[in-house]
Each structure stands twice: as C-alpha cells, then as structure tokens.
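Let me begin by presenting the structure, written as structure tokens, before commenting on it.
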Amino acid sequence: MVLSMIENEVTTAIGTPNIALVKYWGKRNEKLNLPMNSSISITLDENLNTKTSVMFTDKLESDLLYINKEKQDINSLDSPEKLRFIKKTLEFMRNKSGFNKKALIVSENSFPTSSGIASSASGGATLVFALSSALNLHLSKREMSIIARQISGSACRSVYGGVVEWRKGKKIDGSDSYAKQVIEPDYWNELRDIIAIVDGTKKKISSSLGHQATIATSTLYKARPKHADAEVKIIKEAIKRRDFQGMAEIIMKDSNNMHATMLDTWPPIMYLNDNSKEIIYAIHELNDKKNKYVAAYTFDAGANAHIITTADYADDVFDVLKGISGIKSTIQSGLGMGPKIKNNGSLIDVDKLGPK
Ligand code: DP6
C-alpha cells in the first residue's frame, strides 16, 4: 500500500521565489513567524527556481540535507535556526504521514542564495510541497502555507502562483496566518519583474535577525504595521483592476519605508548599496520622462533590485539598466504558477545516496 510505495521513491518538486510589493518586516511571534502586518507579493516564474528532491529510505541512519550540493547539519541542536525549522518541518510532516524512514533531501537554487532574492521563500515552499507529495499527505495549499510560514515567513506566499496576499491573522497559534491567491498568473500576463543583480554575495545580517532588531529599536517602525496593512488593501484593488498607475507608487514607497526602518534600527541595517541607489534614481527619471509610472523598484533584504513593470516597457527598463555599470546580470520573470511536481529532474543519486 501507500507506505511501501513511499520508500526509496524519489519525489522532485520545483518552486519559485516571490517578491513582496508590500513587505513583511517585523514579527509578533518569532517562533511561529507571525507577522506584524499583512503583505502582498508576486510569485516569480521558473527563470528563477528551487528544485528539491526527497527520498525516504531505510538505507540511511539519520536524515540528510544538501543545499546547493553542500551537506547541512540538520541533526544538531546547535545548527542555525533555519536548519532547525527545516528539521522540525520534516519531523512534523513525517509523523503526520505515519511513515518513519529517514529522509534524504537535496535542494538547489538556480540563483544566488541569501542575497535578497527570497531563496528561503522558494526553498521553504518547495520543500513543503515536495514532502507533502512524497509522503502522500494530500495537504491543502492553506495547510502547506501554514507549514511553510514556520520555515520562513515569506515562504508561505510562494505556495501559490500569481499575486498572493499573506493575511497576518490574529490568533496566538497562527492558524489564521496564511497566504491566499489574489489573482491567477494568467489574469495579468503582461506583469514583469526585472531583477538587477548588483551583489551576489550572502547578506551580512539575516532577515530573521533584522526583523527583531528593527522592532526592538526603531522609532520609525512603530508607524509601519498599520500603514502597511492599509497599503495592502489599496494595492490589492489596483491589482484586480490591472492598474499599474495605482500600484507603482505604493510599491516604491513601501520598499523605501521598510528600508528607512532598517536604517533607523540600532545598530543600523543597510542592505542597499550605491548601485541600488543609482537604480532608484534611474527609475524615477524613466517615469518622469514617460510622464507616468512605467516601472517601480523594490528591494527585499538585499541590494539586488526588482523592477516591476509591464511587457510594453521591459525594453525601456533594460535600456536604463544598461547605463548602470555596477549591474552584474539581469533576470526577467513573469508571474509564476507556484510549486509543482517535476519527476523527471531528480537531484538524487540513488546509488550514492547524495546529490548528483
Ligand atoms: C524583506 O521571510 O526571510 O523579504 O520569516 O525570518 O525567514 P523569516 O524572514 P523572511 O523575511 C523576508 C522579508 C522581506 C520582505 C518580504 O518578503 O515580505
């Protein structure tokens, strides 16, 4: 029956990052990753992706996790917080399935990890999706969103494709804090995110530490949660109308607002670099030249720029970016579909019981 089928079978899922248009910054509960405000994001397409292969087997004595071909220490209590969350998720889902074999998990990102391109969002959502399928759990997207949130808050949004809202919820146990799809990817085919990589290195301050430091020390932050919640409501309606003018200003202002609270943190957190700032000015100049909003910049916890635009103006954005010398590469993405199973791309070498 089902349990015997699970053993030694490799399940591979592919998922993608998301970029927040109104950001999650600050937690009301650190253990459960419950946010101070609701947020809204677009799920990117497979031009940027995480692939995760999972196998349950009795050939292993302990669980094994490889990320980008590097073995991660998930079995120690001293391991970094993110790894402990992954281990907790694995144990929770395995217990739920009633299957007790050890897991081999191999995960790879097609883009720089921990540099503000939401690798933890993509990784968390893809892992939960792969485990749910490998263990035949038949979880709903809402259930997956709640589990993924506990690995990394922003991961709860990457469980869906299109434009996605994470409702902050009110309950202490987090059971009402999950993501919901606002529009399907096909509803607004023309929407684009052009990512300008100005820094591919790992960020110096993890977002997990940043969230708490800002809440603890920034005076400016006090005004943010209420303001962000109001912006989510407004931008959601603009998105439903496919109204770029109605959303562009909110996107840019919200990114600036979040980064202002980061700078106001003590000691200050600065993710943006001079290239990021040059991009900000260049996008304002482009909009001024066109006499309307044709592009909107936004930055997560990193220096790399996400320029939200529509297909009609993608070339204009690329022209602008060509003039900025610090840009190492660009990636264009439309709206993605969310995670899916892709069983022809296994990353596991079954004979070696490690990555291929
Ligand atoms: C700036 O989801 O990485 O990207 O919950 O601690 O894992 P943890 O934080 P994380 O925070 C992301 C913050 C952000 C904005 C956003 O994606 O909404």
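Rounded to the nearest 5, what % of DSSP beta bridges with both residues in the chain are antiparallel? Walk me through the numbers before you get to the answer.
Working: 52 of 57 bridges.
Expressed as a percentage, antiparallel bridges in the chain total about 90.
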- [ ] With everything on Cα atoms, drop me the angle between helix 207-217 and the longest principal axis of the chain, reported from 0 to 90° to the nearest 10.
- [x] 50
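By the scheme Lys and Arg +1, Asp and Glu -1, what is the net charge of all other residues having a beta-carbon under 12 Å from that of LYS226? Walk me through the numbers on the way to the answer.
Numbers: positive: LYS168, LYS222, ARG224, LYS233; negative: ASP229, GLU231.
Net of charged neighbours comes to +2.
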Open item on the list: Can you give the local net charge around PRO268? Use residues other than it whose beta-carbon is closer than 15 angstrom to its beta-carbon, Lys and Arg +1, Asp and Glu -1.
Closed with: +1
Task: Using alpha-carbon coordinates, inclination of helix 244-263 to the longest axis of the chain, degrees - done: 80
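For segment 225-293, which trypsin sites (Lys or Arg not before Pro) are in a loop by DSSP, counting at most 12 other Cβ atoms within 10 Å?
Details: sites: LYS226, LYS233, LYS236, LYS240, ARG241, ARG242, LYS253, LYS277, LYS289, LYS290, LYS292; in loops: ARG241, ARG242, LYS292.
Hits after loop and neighbour filter: ARG241, LYS292.
Go ahead and estimate [θ] at 222 nm for the chain from helices alone: -39,500 (n - 2.57) per DSSP H run with n ≥ 4, summed, over the residue count, rounded to 500.
Details: 9 runs with 123 residues, N = 356.
About -11000 deg cm²/dmol.
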Open item on the list: Checking the cross-link filter: which lysines have an alpha carbon closer than 21 Å to that of LYS170, excluding same-chain neighbours under 8 positions apart?
Closed with: LYS23, LYS27, LYS31, LYS141, LYS180, LYS222, LYS226, LYS233, LYS236
- [ ] Return the distance in nm (one decimal) between the two label points of a simple spin-label model at ASP78 and GLN245, each offset 7 Å from Cα along Cα→Cβ.
- [x] 6.0
- [ ] Taking the Cα centre of segment 101-226 as origin, sum charge times position over the Cβ atoms of Lys and Arg (+1) and Asp and Glu (-1), and report the length of that vector in debye to the nearest 20.
- [x] 600
- [ ] Using only the alpha-carbon atoms of the chain, report the extent along each of the three principal axes, biggest first, to the nearest angstrom.
- [x] 63, 40, 36
Task: Apportionment of accessible area to carbon and sulfur, the chain, percent (1.4 Å) - done: 51
Open item on the list: Rolling a 1.4 Å sphere over the protein heavy atoms, what is the accessible area per residue of segment 2-355, to the nearest Å²?
Closed with: 43
Open item on the list: Using the Cα centre of the chain as origin and beta-carbon charges of +1 (Lys, Arg) and -1 (Asp, Glu), tell me which of TYR297, PRO267, ALA314 is placed farthest towards the positive end of the dipole.
Closed with: PRO267
Open item on the list: Using the Cα centre of the chain as the reference point, and only Cβ charges (+1 on K/R, -1 on D/E), how large is the resulting charge dipole? Debye, rounded to the nearest 20.
Closed with: 960
Task: Selected from LYS328, LYS102, LYS88 as most flexible by GNM, with the chain as the system and alpha-carbon contacts under 10 Å - done: LYS328
Open item on the list: Output the 0 to 90 degree angle, nearest 10, between the alpha-carbon long axis of helix 81-97 and the longest principal axis computed from the alpha carbons of the chain.
Closed with: 50
- [ ] Would you list, by chain and number, the aspartates and glutamates whose Cα falls below 12 Å from the Cα of LYS290, excluding same-chain residues fewer than 8 positions away?
- [x] ASP316
Task: Most mobile of ILE280, ILE251, ILE308 in a GNM of the chain (Cα contacts under 10 Å) - done: ILE280
Open item on the list: Test of understanding: in a Gaussian network model of the chain with alpha carbons linked when under 10 Å, which of PRO225, PRO267, PRO185 would top the mean-square fluctuation ranking?
Closed with: PRO267
TODO: Report LYS82's accessible area, 1.4 Å probe, all protein chains in place, as a number in Å² to the nearest 10.
DONE: 70
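The values are calculated or read from the model by the stated rules, or taken from the named source; none is laboratory data. As the structure is a prediction and not an experimental result, all values here were calculated from the model. When we count neighbours, we look across all protein chains shown, and the Cβ atoms used for this are built from the backbone with ideal geometry, even at glycine. With ligands, DNA and RNA removed, areas are computed over all heavy atoms of the protein, side chains included. Shrake-Rupley method; radii C 1.70, N 1.55, O 1.52, S 1.80 Å.
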